[in-house]
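Asker: Please find one structure pasted underneath; my questions will follow.
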Amino acid sequence: MIPLSVLDLSPIVQGGTPALAFRHTLELAQHAERLGYTRFWLAEHHNMPGIGSAATAVLIGHVGAGTSRIRIGAGGIMLPNHAPLQVAEQFGTLESLFPGRIDLGLGRAPGTDRSAAIALRRTLNADPDNFPNDVLEVMEFLADPQPGQPVQAVPGAGLRVPIWILGSSTFGAQVAAALGLPFVFASHFAPAMLFDAIGSWARACRWDPGAWTLVVGSGLAS
């Protein structure tokens, strides 16, 4: 049986409210858990009246408290909007609350428009090409602390939350392979790049099915 998972944006329907959207999100997660789905991921988007999952880590906590077995996580956290330390602390907190159930997907896009990106970052000076270094920093904060390390993620250090790389181009595929991380491809909005990204990823990681995981996203993940 192919494992299936759900990617949810907590949609706010016309005439509805965020509170109603969050109830529906939890109900969907509970239903997916009963059906034996593997994961329930939430995606970060901003300044979109129809999407309620902007505070992604908070909403993951809501879903975690209302479920018991299904893996929960982010598909994903848009890393240019956040300091790596904050991401490690947030997901270290989630892992501490729901041990063994948390996934952390990381993307390099802002997940919003230019105006909202400025509101989130206070500037557009953040360099998306620094994404691999930011991912490494998150990984270091979630690894065992080193002697003399000046800054630690508390909670987070030593918890080794599983990290996934999200992408809609060959860049994300190459980053995932280079860092030894599983890769999620957004085929639902970049279908033309699907096979190029898969090929790039497979060549870079030498296609070892035992060591690598590829997810092709279309609202569902496997």
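Asker: Report the antiparallel proportion of the DSSP beta bridges in the chain as a percent, rounded to a multiple of 5.
Answerer: 10
Asker: Next question, about the same structure. Which residue, Gly148, Gly158, Gly172, has the most motion in a Gaussian network model of the chain that connects Cα atoms within less than 10 Å?
Answerer: Its mean-square fluctuation being the largest, the pick is Gly148.
Asker: Using amide H atoms built 1.01 Å from N in the peptide plane, name the residues 5+ places from Ser187, or on other chains, whose amide H lies under 5 Å from its own.
Answerer: Amide H neighbours of Ser187, under 5 Å, 5+ apart: Gly217.
Asker: Calculate, for the chain, the solvent-accessible area per residue in square angstrom, rolling a 1.4 angstrom probe over the heavy atoms of the protein chains. Can you show the working numbers first?
Answerer: On the way: 10940 Å² over 222 residues.
Here the per-residue accessible area is 49 Å².
Asker: Based on DSSP H runs of at least 4 residues, each adding -39500 (n - 2.57), what is the mean residue ellipticity at 222 nm of the chain after dividing by all its residues, to the nearest 500 deg cm²/dmol?
Answerer: Helices in the chain give a 222 nm mean residue ellipticity of -11500 deg cm²/dmol.
Asker: Another one. For the range 1-137, give the percent of accessible area contributed by carbon and sulfur heavy atoms, probe 1.4 Å, rounded to a whole number.
Answerer: 58
Asker: Treat every Asp and Glu Cβ in the range 1-92 as -1 and every Lys and Arg Cβ as +1, leave all other atoms uncharged, and give the resulting dipole magnitude about the Cα centre to the nearest 20 debye.
Answerer: Roughly 220 debye, rounded to the nearest 20.
Asker: Gaussian network model of the chain, Cα springs within a sub-10 Å range: biggest mean-square fluctuation belongs to which of Phe22, Phe40, Phe91?
Answerer: In the Gaussian network model the winner is Phe22.
Asker: For Val13 paired with Gln30, estimate the spin-label separation in nm (one decimal), with each label point 7 Å from Cα along the Cα-to-Cβ line.
Answerer: With each label point 7 Å from Cα toward Cβ, the separation is 1.7 nm.
Asker: In the chain, which helices (entire DSSP H runs) extend 18 Å or more along their own long axis, judged by Cα positions, while averaging at least -1.0 on the Kyte-Doolittle scale?
Answerer: Helices meeting the criterion: 18-34, 84-97.
Asker: Among Leu142, Leu79, Leu179, which one shows the biggest mean-square fluctuation in a GNM of the chain, springs joining Cα atoms closer than 10 Å?
Answerer: Among Leu142, Leu79, Leu179, the largest mean-square fluctuation in the Gaussian network model of the chain belongs to Leu179.
Asker: Now, a different point. Quick check for me: using +1 on Lys/Arg Cβ and -1 on Asp/Glu Cβ, what's the dipole size of the chain about its Cα centre, in debye to the nearest 20?
Answerer: That gives the chain a dipole magnitude of about 340 debye.
Asker: A further question on this structure: How large is the accessible surface of His31 in square angstrom, using a 1.4 angstrom probe and rounding to the nearest 10?
Answerer: About 90 Å², ignoring ligands and nucleic acids.
Asker: Highest first, please rank the peptides 103-111, 52-60 by the mean number of other Cβ atoms sitting within 10 Å of their residues.
Answerer: Per-residue Cβ counts within 10 Å, averaged per peptide and sorted highest first, yield 103-111, 52-60.
The values are calculated or read from the model by the stated rules, or taken from the named source; none is laboratory data. Note that the structure is predicted; figures quoted are calculated from it, not measured. Note that each Cβ is placed from the backbone with ideal geometry, even for glycine, and that neighbours are counted across all protein chains shown. Just the protein is used for accessible areas: all its heavy atoms, side chains included, with ligands, DNA and RNA removed. Shrake-Rupley method; radii C 1.70, N 1.55, O 1.52, S 1.80 Å.
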